[in-house]
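Peer 1: Just passing along the structure, written as structure tokens.
The values are calculated or read from the model by the stated rules, or taken from the named source; none is laboratory data. Note that the structure is a prediction, hence the values are computed from the model and not measured. Because the Cβ atoms are built from the backbone with ideal geometry, glycine has one as well, and the counts that use them run over all protein chains shown. Side chains are part of the model used for accessible areas, which takes the heavy atoms of the whole protein and leaves out ligands, DNA and RNA. Shrake-Rupley method; radii C 1.70, N 1.55, O 1.52, S 1.80 Å.
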2 protein chains.
Amino acid sequence: MTWSRDGVPLYAVVMAGGTGTRFWPLSRRSRPKQLLPFAEGRSLLAATVDRLAPLVTPERTLVVTSEDVVEAVRAELPRLPAGNILAEPSGRNTAACVGWVAWRMARSKPDAVMVVLPADHVIPDGPALRSALAGAAATAAARGGLVTLALRPTRAETGFGYLELGEVVGAAAGRPVHVVKRFVEKPTRELAEEFVGAGNYAWNSGMFAWTVEAIQGAIREFLPELAGGLDELMAAADTLGEKEALRRHYPTLPKISVDFGVMEKATSVWAVGVDFAWSDVGSWAGLSEVLQSGTHGVTLGDVVTLDCAGSVLVSDGPLVAVVGVRDLVVVATRDAVLVVPKDQAQRVKELVEKLHEAGRDDLL
Amino acid sequence: MTWSRDGVPLYAVVMAGGTGTRFWPLSRRSRPKQLLPFAEGRSLLAATVDRLAPLVTPERTLVVTSEDVVEAVRAELPRLPAGNILAEPSGRNTAACVGWVAWRMARSKPDAVMVVLPADHVIPDGPALRSALAGAAATAAARGGLVTLALRPTRAETGFGYLELGEVVGAAAGRPVHVVKRFVEKPTRELAEEFVGAGNYAWNSGMFAWTVEAIQGAIREFLPELAGGLDELMAAADTLGEKEALRRHYPTLPKISVDFGVMEKATSVWAVGVDFAWSDVGSWAGLSEVLQSGTHGVTLGDVVTLDCAGSVLVSDGPLVAVVGVRDLVVVATRDAVLVVPKDQAQRVKELVEKLHEAGRDDLL
């Protein structure tokens with residue numbers, strides 16, 4: 001069933017532009033995180049599109065990715081019409097990404113509602129997600145503002161942004177709709193603990209719903225430079241062809257996130273409170289939350305263990321044989337092997353930087 | 001200078017028959033430990049033969065190895081006459097190995113003295129080894145018995161056999177020559193500590209010297225079945241050709257070590273006390289003693305580290321990138337990766353057994 005409310009068509013925008021060095025050596029420039037097989041053997045991207053399908057069909061799902069990986073994305077999504085995959089000539093962060101889609105839709109479907117979500121999150125409970133998105137879309141259609149999904153925090157995570165929730169102004173698919181009082185950037189440990197204890201703070205999920213009109217209006221108001229750039233891009237597309245216009249104008253668009261550039265500044269922002277299981281799989285350590293776990297930890301690919309515990313062991317080719325380790329990440333590909341304790345998994349970025357400086361870009 | 005004493009020729013026998021699963025995944029059936037590049041980039045075998053050369057020329061050095069790896073051994077030792085590499089159809093332990101060489105030499109050089117040593121030990125001080133071997137050979141020639149090099153123990157090692165040394169009966173190249181009172185199999189921790197404290201115990205090095213006549217006599221006396229098998233082998237070699245005779249008879253020879261089968265039982269056994277640095281490189285952990293060590297530990301091949309300590313990091317192909325670990329062994333080849341704490345390095349054997357049982361012999 002394709003959702004519509006009073007004839008308003010619902011579209012999904014899947015943001016699949018990330019490059020992601022945090023999953024090196026499995027992730028590479030040519031294979032970013034969203035293409036990694038972390039969803040029961042399928043890519044996170046394919047799982048995201050499939051998860052949406054009962055609410056938004058592939059025909060109404062748009063995937064925005066980068067030119068470099070557009071062929072790989074197409075191969076992952078055989079059911080998606082080829083024209084629904086939009087390739088950015090260069091990454092300009094999420095405001096440009098959602099703006100570009102909104103400006104395009106303003107021509108063909110100006111009355112549409114868009115749900116926007118990242119390609120690389122794991123949400124096991126598909127029905128809960130779809131119900132929440134349907135509620136958010138209905139709220140966006142009814143109220144005309146910007147709607148975000150607010151995740152109930154389960155730990156004092158310092159790696160996410162938070163939302164301070166205000167009064168409940170309604171309900172959406174059985175979930176409370178709050179006024180958003182403010183956005184908080186990644187907090188300190190103390191602040192994060194305070195937020196989780198307080199009860200009226202939520203994780204900013206990066207999943208949104210809005211009408212084409214509302215997001216266009218907000219971008220025009222808070223990011224006029226982006227709006228002007230998108231106007232030029234669309235005008236040039238009429239004369240040059242879209243590909244050439246993109247190549248010329250897209251790389252000049254302001255590079256800013258939709259959270260920071262638009263959501264934080266807008267006044268009509270609503271949050272639909274959700275509490276389904278969710279992970280942004282932020283590092284190798286985060287795989288523990290996502291993959292099927294045994295006593296040795298989680299494994300993917302050809303792995304043999306003796307007396308291991310709490311580890312993340314991944315092979316993309318060679319046999320990985322691990323004996324007597326605890327809370328260790330081991331990832332092996334044909335040309336590179338990573339070993340790092342789980343609690344230092346974030347340092348992969350540092351390592352990638354070191355390899356880049358050493359001229360080892362062939363491995364990145 | 002080729003050593004000789006009153007015209008007695010000196011030969012070296014390098015035992016290179018080991019298969020060695022303890023260095024998996026770098027060691028394989030087709031590349032046993034003695035062929036691994038643990039001697040400053042060269043194989044342990046090549047380093048052993050080169051170390052001997054100033055005392056025993058390649059022309060008088062015999063290398064005994066297994067049929068499976070004879071080509072690889074030949075490639076490692078281009079200066080050795082091809083006929084000096086003897087291939088066993090199957091491994092029958094060291095008594096058969098030294099017996100075979102002795103029976104062959106009894107025909108061509110019955111008056112020779114042999115020094116016998118493993119191919120896979122590391123002894124950085126070549127002059128000290130050569131001087132000790134020359135002394136042992138002179139002792140063997142003068143006394144007619146069996147001579148072993150007795151290493152001064154530097155720690156309470158439970159992985160080696162020990163010798164209890166008796167009275168000093170002479171000197172060899174400035175080193176004491178002891179009567180050997182008894183051989184002790186691998187001791188318990190308590191016993192090993194007692195031995196090291198007592199002062200009159202030494203590590204059994206597995207390096208020997210004897211005349212052809214003495215070792216033949218001892219094998220005839222203590223291993224008559226082996227002596228009979230070798231008699232048959234040599235008789236058949238006259239009619240069948242050596243290769244066919246070997247294939248037929250060698251695999252039936254008793255499988256026993258020269259230490260256990262001969263040395264422990266013989267009455268005229270002398271030990272030359274030595275104290276040069278020595279390692280049998282018994283496991284991945286043992287590489288720490290042998291390779292050039294940095295703060296991160298030892299590395300071989302393409303390895304990048306961030307904040308590592310005391311580790312053994314080896315690549316035979318893929319980049320190995322290791323962050324924040326301590327006392328860990330990581331070994332990567334194109335088709336298999338091993339990760340194990342240094343203090344559990346012995347468990348590689350268990351792992352190899354598990355892989356064999358799982359039908360993964362292609363990786364062994």
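Peer 1: Would you kindly work out, in nm and rounded to one decimal, the distances from the label point of A:THR267 to those of the same position in each other copy, ordered shortest first, with label points 7 Å along Cα-to-Cβ?
Peer 2: Inter-copy label distances (nm, one decimal, shortest first): 11.3.
Peer 1: Continuing with this model, one more query. If you roll a 1.4 angstrom probe over the protein chains with everything in place, what fraction of the accessible area of segment B:273-364 belongs to carbon and sulfur, to the nearest %? Let's see the in-between values first.
Peer 2: Details: 1530 of 3570 Å².
Taking all protein chains in place, segment B:273-364 shows 43 percent carbon and sulfur surface.
Peer 1: Rounded to the nearest 100 Å², what is the sum over both chains of accessible area buried where A meets B, with a probe of 1.4 Å?
Peer 2: Details: alone 15940 and 15930 Å², together 29230 Å².
Buried: approximately 2600 Å² between B and A.
Peer 1: Would you kindly work out, in nm and rounded to one decimal, the distances from the label point of A:GLU194 to those of the same position in each other copy, ordered shortest first, with label points 7 Å along Cα-to-Cβ?
Peer 2: Relative to the other copies, A:GLU194 has label-point distances of 6.7 nm.
Peer 1: Same structure again: Under the Karplus relation 6.51 cos²θ - 1.76 cosθ + 1.60, θ = phi - 60°, what is the ordered set of whole-Hz ³J(HN,Hα) values for segment B:177-187, x standing for Gly and Pro?
Peer 2: Calculated HN-Hα couplings, in order: 9, 9, 6, 8, 7, 6, 9, 10, 5, 2, x Hz.
Peer 1: On to the next question. Within straight cross-link reach of A:LYS181, meaning Cα distance under 17 Å, which lysines are found once same-chain residues fewer than 8 apart are removed?
Peer 2: Cα-Cα hits under 17 Å: A:LYS265.
Peer 1: Would you please state which residues of segment A:312-348 a label at A:ARG29 would reach in this model, taking the label point 7 Å out along Cα→Cβ and a backbone N cut-off of under 18 Å?
Peer 2: A:335-336
Peer 1: Give the long-range amide H neighbours of B:VAL13: residues separated by 5 or more places, or on another chain, with amide H under 5 Å away, using H modelled in the peptide plane at 1.01 Å from N.
Peer 2: B:LEU62, B:VAL115, B:VAL116, B:LEU117
Peer 1: Taking the radius of gyration and the Kirkwood hydrodynamic radius from Cα positions alone, what is the Rg/Rh ratio for the protein assembly as shown, to two decimal places?
Peer 2: Rg/Rh for the protein assembly as shown comes to 1.18.
Peer 1: Cut-off under 25 Å on the C-alpha distance; same-chain residues fewer than 8 positions from B:LYS109 excluded. Which lysines are left, in chain and number order?
Peer 2: Partners found: B:LYS243.
Peer 1: Provide the FRET efficiency to the nearest 0.05 for the A:ALA82-B:GLN346 pair, computing r from the beta carbons and using R0 = 60 Å.
Peer 2: The calculated FRET efficiency here is 0.60.
Peer 1: Please report the antiparallel percentage of the DSSP beta bridges confined to chain B, to the nearest 5.
Peer 2: Beta bridges within chain B, antiparallel portion: roughly 50 percent.
Peer 1: Placing unit charges on C-beta atoms (Lys and Arg positive, Asp and Glu negative, everything else neutral), compute the dipole magnitude of chain A about its Cα centre in debye, rounded to 20.
Peer 2: 320
Peer 1: Taking all protein chains as present, what is the carbon and sulfur share of the accessible area of segment B:82-140, in % to the nearest whole number, probe 1.4 Å? It would help to have the intermediate numbers written out before the result.
Peer 2: Numbers: 830 of 1570 Å².
Roughly 53 percent of what the probe reaches on segment B:82-140 is carbon or sulfur.
Peer 1: Mind listing the long-range amide H neighbours of A:ILE85? Cut-off is under 5 Å, sequence gap 5 or more, other chains count too, H placed in the peptide plane at 1.01 Å from N.
Peer 2: A:VAL63
Peer 1: If you don't mind, another one. Give the calculated FRET efficiency between A:ALA75 and A:GLU167 to the nearest 0.05, with a Förster radius of 56 Å applied to their Cβ-Cβ distance.
Peer 2: Details: r = 47 Å, r/R0 = 0.84.
Efficiency, rounded to the nearest 0.05: 0.75.
Peer 1: Moving on to the next point. Putting +1 on Lys and Arg Cβ atoms and -1 on Asp and Glu Cβ atoms, find which of A:LEU223, B:GLY241, A:THR252 reaches farthest to the positive end of the dipole of the protein assembly as shown.
Peer 2: Looking along the dipole axis, the top candidate is B:GLY241.
Peer 1: Could you check the simple spin-label distance between A:GLU353 and A:GLU225, using points 7 Å along Cα→Cβ, in nm with one decimal?
Peer 2: So the label points at A:GLU353 and A:GLU225 sit 2.5 nm apart.
Peer 1: Other chains near B:292-305: what is the mean number of their Cβ atoms within 10 Å of each residue's Cβ?
Peer 2: Counting other chains' Cβ atoms within 10 Å and averaging over B:292-305 gives 1.
Peer 1: Determine the calculated [θ] at 222 nm for chain B from helices alone, applying -39500 (n - 2.57) to every DSSP H run no shorter than 4 residues and normalising by the residue count; nearest 500 deg cm²/dmol.
Peer 2: -9000 deg cm²/dmol
Peer 1: Just to be sure I understand: of the beta bridges DSSP finds with both ends in the protein assembly as shown, what percent are antiparallel, rounded to 5?
Peer 2: Here the antiparallel bridges make up roughly 45 percent for the protein assembly as shown.
Peer 1: Sticking with this structure for a sec: About the Cα centre of the protein assembly as shown, what is the dipole size in debye to 20, counting +1 per Lys and Arg Cβ and -1 per Asp and Glu Cβ, all else neutral?
Peer 2: Roughly 340 debye, rounded to the nearest 20.
Peer 1: With point charges of +1 on the Cβ of Lys and Arg and -1 on the Cβ of Asp and Glu, referenced to the Cα centre of chain B, which listed residue (B:TRP210, B:LEU149, B:ALA95) lies farthest in the positive direction of the dipole?
Peer 2: B:TRP210
Peer 1: I want to check the label-to-label distance for A:VAL179 and A:LYS255. Put each point 7 Å from Cα in the C-beta direction and report it in nm to one decimal.
Peer 2: Simple spin-label model gives 3.7 nm for this pair.
Peer 1: Separate question: Considering only B:LEU306, B:GLY324, B:LEU351, whose Cα is most displaced toward the positive end of the charge dipole of segment B:291-352, charges sitting on Cβ of Lys, Arg (+1) and Asp, Glu (-1)?
Peer 2: Checking the options against the dipole of segment B:291-352, the answer is B:LEU351.
Peer 1: Cβ neighbours within 10 Å, averaged per peptide: list A:344-351, B:94-101 in order, most packed at the top.
Peer 2: The peptides rank, most packed first, as B:94-101, A:344-351.
Peer 1: Also: Amide H of B:SER205: which non-local residues (sequence gap of 5 or more, or other chain) have their own amide H closer than 5 Å, using H built in the peptide plane?
Peer 2: B:LEU149, B:LEU151
Peer 1: Restricting the count to DSSP beta bridges whose residues both fall in segment A:1-111, what percent are antiparallel, rounded to a multiple of 5?
Peer 2: 30
Peer 1: Would you mind getting the accessible area per residue of segment B:1-159, heavy atoms of the protein chains only, 1.4 Å probe, in Å²?
Peer 2: Per-residue value: 36 Å².
Peer 1: Against the longest alpha carbon principal axis of chain A, how many degrees, from 0 to 90 and to the nearest 10, is the axis of helix A:189-198 turned?
Peer 2: Between helix and principal axis, roughly 60 degrees.
Peer 1: Quick one: if you stick a label point 7 Å off each Cα along the C-beta vector at B:GLU40 and A:ALA277, how many nm between them?
Peer 2: Once both label points are built, they end up 5.8 nm from each other.
Peer 1: At 7 angstrom along the Cα-to-beta-carbon line, where would the label on B:LEU240 sit relative to the other copies? Give the distances in nm, shortest first.
Peer 2: 8.4
Peer 1: For the ranges B:200-211, B:289-300, A:119-130, what's the packing order if you count other beta-carbon atoms within 10 Å of each residue, average per peptide, and put the highest first?
Peer 2: B:200-211, A:119-130, B:289-300
Peer 1: Below 8 Å between Cα atoms, with a sequence gap of 6+, how large is the relative contact order for segment A:108-229 in percent?
Peer 2: So the answer I get is 36 percent.
Peer 1: Rounded to whole Hz and in sequence order, give me ³J(HN,Hα) for segment B:108-116 from the Karplus expression 6.51 cos²θ - 1.76 cosθ + 1.60, θ = phi - 60°, writing x for Gly and Pro.
Peer 2: Calculated HN-Hα couplings, in order: 9, 9, x, 9, 6, 9, 10, 9, 10 Hz.
Peer 1: I've got another one for you. Over all alpha-carbon pairs of segment B:165-236, lay out the pair-distance distribution in 5 Å bins, whole %, shortest bin first.
Peer 2: It works out to 3, 12, 14, 19, 16, 12, 11, 8, 3, 1, 0, in whole percents.
Peer 1: Here is a follow-up. With θ taken as phi - 60° and the coefficients 6.51, -1.76 and 1.60, list the Karplus ³J(HN,Hα) couplings across segment B:219-224 in order, rounded to whole Hz; mark glycine and proline as x.
Peer 2: Ordered by residue, 3J(HN,Hα) equals 5, 4, 6, 9, 10, x Hz.
Peer 1: Among the listed pairs B:LYS255/B:LYS354; B:LYS255/B:LYS349; A:LYS255/A:LYS349; A:LYS342/B:LYS342; B:LYS186/B:LYS354, which have their C-alpha atoms separated by more than 23 angstrom in this model?
Peer 2: Too far apart for the 23 Å limit: B:LYS255/B:LYS354; B:LYS186/B:LYS354.
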